[in-house]
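Colleague: First the structure, then my questions, so here it is.
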Amino acid sequence: MKNSEKKDIRALSKEELREFFLSIGEESFRGNQVYEWLWSKSVHDFSAMTNISLEIRKKLEECFVINNIKVDKMQKSADGTIKNAMRLHDGNIVESVLIPTASRTTACVSSQVGCSLNCQFCATARLKRMRNLNPDEIYDQVVAIDKQSRLYYNRPLSNIVFMGMGEPLMNYRNVLLAIDKITSPEGLNMSTKRITVSTSGVPKMIKILADKEAKFKLAVSLHSAIDETRTKIMPFNDNFPLKDLKESLIYWYAKTKRKITYEYLIWKGINDEQRDIDALVEFCQAVPCKVNVIEYNPIGDPRFQQADPTVTDRYQNALEAAGITVTVRRSRGKDIDAACGQLANKSIGEAPVLKKDLGKL
Ligand code: SAH
């Protein structure tokens, strides 16, 4: 069988692997062993599965491939942020970022190649959505970033945010499967509490996740609490208006009792007036929440200019007066285009900066 015709072994559940072994006349526990190599040990080569006989490994090789992702290029920012271009088995590239701070190291991972939403201020929107990532491709990003965290910062990864390329709720099945693996003792055994899924706000999906009693944190990229303005900057808002978004968040909170984080950018002439502030304060009354004001990272579109710091202060004062927690976040990794909304595979074709280190990963 040609490699391209073989099935990706990591698309199989543990049960399916056990059944495969029975079907070739082997004992089913071999399935558990291979599963452990594939997930908790993250092995990408059948020959490394040393407790499996040579004969069985050959058989596996005949039937399956392991479609792993590879760090194609790393760039390190002056502030320690590391941006990776990850090459998928089909040649597509996604980006994954390691963000170290004094108290934590966070992996910012992608959920899709490109993005189908058309947020006007986001660089990823310029790449059309090519395809969804598979659960193993999301998992591999986390494994690779965890290795980098240990190698460069001597500590394991502490947090994961789905804020890379793509809209996680447009690929929610695979995102959930990946989170299952990341949090399972048979995978990376990380706590679900340390995972944040960031969405532009797909009400139907937020309700489905609430029904599934998802344990991760939810962040919503709000940027405006006025429909007309939000539709201008995030055109899909026309289909998912704020009323529906708000209703889905009320539902999420009722089911999960977990606070929502709103991400918010402030631009000159777009959402820098008192009525924008009032609308946000009002929107925040719906469910317990906090607001993360992010710094805008320019992507070369003159329509978008970071608002004056005094406007941020006004937002902050008004929200705090209404009892809402606000954090104003400085962007990281800007010098290497690794900051929020700057992920657009710009590095492809440039010389790798840290190529010598890739062998260790
Ligand atoms: N699609 C998801 C996750 C990816 S975007 C979402 O929309 O939440 C991750 C965050 O970066 C979002 O809050 C997004 O609004 C923000 N962002 C996009 N472009 C940006 C830019 N140019 N500068 C700063 N933040 C940006």
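Colleague: Can you find a residue in the stretch 213-220 that is away from the ligand (no atom under 13 Å from the Cβ), touching a strand residue (DSSP E or B) at 6+ places or on another chain (Cβ under 9 Å) and modelled with pLDDT of 95 or more?
Modeller: yes
The rows are residues; the columns are (1) in a strand (DSSP E or B); (2) crowded, with 19+ Cβ neighbours inside 10 Å; (3) without any contact (Cβ under 8 Å) to a residue 60 or more places away in the chain; (4) acidic (D, E).
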{"site": "A178", "(1), (2), (3), (4)": "no, yes, yes, no"}
{"site": "S198", "(1), (2), (3), (4)": "yes, yes, no, no"}
{"site": "A214", "(1), (2), (3), (4)": "no, yes, yes, no"}
{"site": "A219", "(1), (2), (3), (4)": "yes, yes, no, no"}
{"site": "F240", "(1), (2), (3), (4)": "no, yes, yes, no"}
{"site": "I250", "(1), (2), (3), (4)": "no, no, yes, no"}
{"site": "Y253", "(1), (2), (3), (4)": "no, no, yes, no"}
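Colleague: Checking the structure you have, find out if any residue of the stretch 73-96 is within 16 Å of the ligand (Cβ to nearest atom) and acidic (D, E).
Modeller: For the stretch 73-96, residues within 16 Å of the ligand (Cβ to nearest atom) and acidic (D, E): present.
Colleague: Please tell me if Q148 is within 16 Å of the ligand (Cβ to nearest atom) and either closer than 28 Å to L280 by Cβ or not hydrophobic (A, V, I, L, M, F, W, C) (or both).
Modeller: When the stated conditions are applied, Q148 does not pass them.
Colleague: Filter the stretch 31-65 down to the residues that are without any contact (Cβ under 8 Å) to a residue 24 or more places away in the chain, within 20 Å of D140 (Cα to Cα) and of a type in the set (A, V, I, L, M), then identify the one that is surrounded by the most Cβ atoms within 10 Å (Cβ to Cβ).
Modeller: In this case the residue turns out to be M49.
Colleague: Also: If you scan the stretch 283-316, which residues turn out to be crowded, with 16+ Cβ neighbours inside 10 Å and either outside the structural domain of L242 (by TED's automatic domain parsing) or of a type in the set (K, R) (or both)?
Modeller: R314, the sole residue that qualifies.
Colleague: Only one of (1) crowded, with 18+ Cβ neighbours inside 10 Å; (2) under 16 Å from L88 (Cβ atoms) fails for A125. Which number is that?
Modeller: Going through (1) crowded, with 18+ Cβ neighbours inside 10 Å; (2) under 16 Å from L88 (Cβ atoms) one by one, A125 breaks only (2).
Colleague: Determine which member of the set I250, I277, I226, I233 is at pLDDT 95 or above and within 14 Å of the ligand (Cβ to nearest atom).
Modeller: I233
Colleague: Just to check your reading of the model, which residue among G323, G349 is assigned to a loop (DSSP other than H, G, I, E, B) and at pLDDT 80 or above?
Modeller: G323
Colleague: Cβ-Cβ distance below 7 Å, separation of 6 or more or different chains: which pairs start in the stretch 282-299 with a residue that is near the ligand (Cβ under 7 Å from one of its atoms) and end on one that is of a type in the set (K, R)?
Modeller: I294/R329; E295/R329; E295/R330; N297/K334
Colleague: Something else about it: Within the stretch 7-72, which helices (runs of 4 or more DSSP H) (wholly inside it) include 3 or more residues that are within 25 Å of the chain's Cα centre (by Cα)?
Modeller: Output list reads 29-38.
The values are calculated or read from the model by the stated rules, or taken from the named source; none is laboratory data. Source: prediction; values computed, not measured. Note that each Cβ is placed from the backbone with ideal geometry, even for glycine, and that neighbours are counted across all protein chains shown.
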